[in-house]
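Just below is one structure, and these are the notes that go with it.
The values are calculated or read from the model by the stated rules, or taken from the named source; none is laboratory data. No experiment lies behind these values; they were computed from the predicted model shown. With ideal geometry, Cβ positions are generated from the backbone for all residues, glycine too; neighbour counts draw on all protein chains shown.
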Amino acid sequence: MSRNRPTLGTYSPLPGSPSGIADYAVTSSLLLDTMLDVRFIAMSNYTDPMSFDHVLYHMGGGPDSVAAFQAAARRPGPIILHEHVLNQFFVENHGLLDAATNQVVLDAFSEALGRPFRDSAELADLIERDRHLQYLDLGLERLVADRATVVFTHSRTALATLARRYGHDLVHPVEYPVLPLPHIDSDQVRADLGIPATATLFGSFGFVGRHKRLPQLMAAWSKLQVAPDVGWLLVAGSGASRLGPVNNASITLLEYVKSGDDFLHLLAAADAGIQLRGPSLGETSAVIAQLLTSNVPVITSTESVLPMWASRELVRIVPPGPREVDELADVIAGYLSSLPIGSGRLADAPVPSWRESVLNALSTEANS
């Protein structure tokens with residue numbers, strides 16, 4: 001145990017990992033480091049959770065959450081649930097999980113799909129071939145809830161689902177901890193990318209996955225035939241190059257961003273964000289939270305990805321469906337004509353601060 005500040009074992013992707021949860025863990029830890037000695041733990045430096053004064057677990061869909069899941073079995077504690085549909089986590093990491101957990105997962109998929117599976121490897125092969133199966137809500141987050149003293153979620157939609165399943169005594173809302181975007185020379189950032197200063201800049205940021213619906217966005221943009229001096233679409237993130245080649249003078253695909261600061265500068269240069277989702281894993285979009293905190297309007301696919309404190313004043317919802325491209329084009333055209341102005345954050349956030357919520361949960365964990 002620490003002789004000075006109490007130690008906090010934070011089980012998450014390590015700082016510097018190419019992970020939104022890693023960025024979140026670092027940002028949020030700054031809210032605690034005057035009171036606690038924060039140690040980041042993953043599989044590569046796995047440490048017995050009993051060796052810390054307190055523990056905090058971050059659960060998402062990737063392999064970096066294995067350490068949190070394993071540690072919580074030994075020492076239950078507060079868990080921040082970054083996604084509440086965890087099929088991908090349980091299936092893809094079956095080789096690192098215990099037999100009882102794997103059997104629960106196999107049984108859930110067998111019942112949902114009406115077919116038996118020989119073993120976890122067969123199920124993993126099926127999900128690799130049919131990625132939509134990872135979005136089935138089979139309630140597998142109960143395996144995480146069973147190891148938690150508190151379950152935190154950032155989304156109103158996820159909160160309603162999880163509280164109905166596990167009760168408000170266990171499930172609590174938590175603020176999404178983001179800082180306002182930096183003050184920058186927006187014209188210089190645009191000039192570096194060859195984007196006219198006169199253009200209304202729309203940005204879609206972060207890893208380009210199939211669920212981000214970028215082909216639909218680019219189809220809507222192309223339909224409008226936007227002149228480069230009027231509007232510009234920037235798609236920045238790993239995987240962006242797979243969308244090319246692009247035969248449109250007002251679209252830029254940026255595959256590589258060399259630093260976190262450069263990424264934030266791109267966000268700060270945008271006049272509006274377009275962060276689509278469909279289907280969703282019950283996650284909250286860090287980029288949307290970042291933009292709304294700085295009162296930048298956003299377009300997205302579902303309310304479930306909004307942080308708990310989001311005001312709808314600057315949000316436009318365009319759900320997936322047969323009219324998605326046409327509706328996106330209409331909303332973008334409206335933004336080109338006149339961007340909405342207002343607050344992206346509710347004046348009275350419906351949840352306590354992240355720091356207050358987590359400190360209360362750590363007190364509960366220590367006394368349980």
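Miscellaneous remarks
- Of the residues making up the stretch 123-153, those that are under 21 Å from the mean Cα position of the chain (by Cα), within 21 Å of residue 363 (Cβ to Cβ) and not β-branched (Val, Ile, Thr) are 145, 148, 152.
To keep it simple, each residue is scored yes or no on (1) touching a His at 6+ places or on another chain (Cβ under 8 Å); (2) in contact (Cβ under 8 Å) with a residue 40 or more places away in the chain; (3) more than 23 Å from residue 177 (Cα to Cα).
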site: 26; (1), (2), (3): no, no, no
site: 29; (1), (2), (3): no, no, no
site: 35; (1), (2), (3): no, yes, no
site: 40; (1), (2), (3): no, no, no
site: 48; (1), (2), (3): no, no, yes
site: 51; (1), (2), (3): no, yes, yes
site: 56; (1), (2), (3): no, yes, no
site: 59; (1), (2), (3): yes, yes, no
site: 69; (1), (2), (3): no, yes, no
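- Residue within the stretch 198-218 that is among the basic types (Lys, Arg) and free of Cβ contacts under 8 Å to residues at least 12 places away in the same chain present: no
- Test result for residue 320, touching a residue at least 60 places away in the same chain (Cβ under 8 Å), closer than 22 Å to residue 207 by Cβ, surrounded by fewer than 20 Cβ atoms within 10 Å (Cβ to Cβ) and touching a His at 6+ places or on another chain (Cβ under 8 Å): no
- Candidates are the residues of the stretch 170-227 that are of a type in the set (Ser, Thr, Tyr) and under 25 Å from the mean Cα position of the chain (by Cα); the one that is modelled with the highest pLDDT is 204.
- Single match in 53, 107 (criterion: exposed (fewer than 15 other Cβ atoms within 10 Å of the Cβ) and at pLDDT 95 or above): 107
- When we screen 118, 131 for residues that are closer than 15 Å to residue 91 by Cα, exposed (fewer than 14 other Cβ atoms within 10 Å of the Cβ) and touching a helix residue (DSSP H, G or I) at 6+ places or on another chain (Cβ under 8 Å), the only hit is 131.
- Of the candidates 260, 282, the single residue that is surrounded by fewer than 21 Cβ atoms within 10 Å (Cβ to Cβ), touching an Asp or Glu at 6+ places or on another chain (Cβ under 8 Å), closer than 25 Å to residue 345 by Cβ and touching a residue at least 40 places away in the same chain (Cβ under 8 Å) is 260.
- Any chance residue 246 is more than 20 Å from the chain's Cα centre (by Cα), assigned by TED's automatic domain parsing to the domain that holds residue 306 and either surrounded by fewer than 20 Cβ atoms within 10 Å (Cβ to Cβ) or part of a loop (DSSP other than H, G, I, E, B) (or both): yes
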